[in-house]
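Below you'll find the structure, written out as structure tokens, and then a few comments.
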Amino acid sequence: MSKQITTLTFFKYPKLKDKIWAFWMMQFAHSALRRQSGLQSYKLLGSGKEGFSPWPDWSVYGLLQVWDSHKEAQEFFDSSSLYKKYLNHSEQQLTFYMKNIKAYGQWSKKNPFEQHSDMDTNNPYLTVITRATIKPHMLKKFWDYVPISQKGLKENPSLLFTAGVGERPFTHMATFSLWDDARALKKFAYRGNNHKQAIQQTQALQWYKEEMFSRFQPYLITGSWQGFTIPELLSFKET
């Protein structure tokens, strides 16, 4: 078992100059992140328009980070000069702190997530990251099917937050979602006709070159995001 934790931070850039800065940081943030103490791995992420879409939303970017422990993560958010630059350029920020429950598959030829050793049995919340590299010759079939697989998702009352992200538009895509109940997630994924058909299509057509499915227990959410209310159990409390 491990003390490893994962953070996912979303940044909102409303101004053109800051959108340009954020785009350039997809290339120029690497050197500082590689030197960051306690950071095991990371991914710089763009986002899709209207949720899970191949078309980029130039105003929203993400930073996924895998840490040795919560201590190293907090040191980054409290004192990193790189993170302060992100704060200065963005209007909204939202960070999810998560403990890995289980991860299947690979991301860039490895599984970066280790099962955490300490879970809160009184915490019902669940976050999910699904990530895939789509085979080039399957791109049209995959994206034609996405609207069908996503039907009913936004209307699900147990889905509290969702975003489509990725390292590269069209081919290297991921989804992130926060749920208030694991049973509701399973019901949507495996009993709902639309998503169930999507799973069957994935198995039949083999449209992924690489894929990963990871479940986490979120234990803290910080920041703010328009239209999203942080659950009381996961909000920061002064001690």
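Sequence gap at least 6, Cα distance under 8 Å: using those rules, report the relative contact order of the chain to the nearest whole percent. Computed value for the chain: 26 percent relative contact order. The local environment of HIS89, defined by Cβ-Cβ distances under 13 Å, has a net charge of +4 under the rule Lys, Arg +1 and Asp, Glu -1. Based on alpha carbons, the Rg and Dmax found for region 15-103 are 13.7, 39 Å.
With only Cα atoms counted, region 5-227 has Rg and Dmax values of 17.1, 48 Å. Charged neighbours of PHE213, selected by a Cβ distance under 11 Å, balance to +2 (K, R count +1; D, E count -1). Using 0.36 nm per residue and subtracting the Cα-Cα separation, the extra length available between ASP68 and LYS49 on full extension is 3.6 nm.
Which of the residue pairs LYS102/LYS135; LYS99/LYS135; LYS49/LYS84; LYS43/LYS102 have a Cα-Cα distance greater than 23 Å in the structure shown?
Numbers: LYS102/LYS135 25 Å; LYS99/LYS135 30 Å; LYS49/LYS84 26 Å; LYS43/LYS102 19 Å.
Among LYS102/LYS135; LYS99/LYS135; LYS49/LYS84; LYS43/LYS102, the Cα-Cα distance tops 23 Å for LYS102/LYS135; LYS99/LYS135; LYS49/LYS84.
For the chain, the carbon plus sulfur part of the accessible surface works out to 52%, probe radius 1.4 Å.
When the residues TRP207, TRP225 are ordered by accessible surface, computed with a 1.4 Å probe over the protein chains alone, the sequence from largest down reads TRP225, TRP207. Using a Gaussian network model of the chain in which every pair of alpha carbons under 10 angstrom is joined by a spring, one finds that among THR175, THR133, THR229 the greatest mean-square fluctuation is at THR229.
The values are calculated or read from the model by the stated rules, or taken from the named source; none is laboratory data. A quick note: this is a predicted structure, and the numbers were derived from the prediction, not measured. Please note: Cβ atoms are built from the backbone with ideal geometry, for glycine as well, and neighbour counts cover all protein chains shown. Surface accessibility is based on the protein's heavy atoms, side chains included, excluding ligands, DNA and RNA. Shrake-Rupley method; radii C 1.70, N 1.55, O 1.52, S 1.80 Å.
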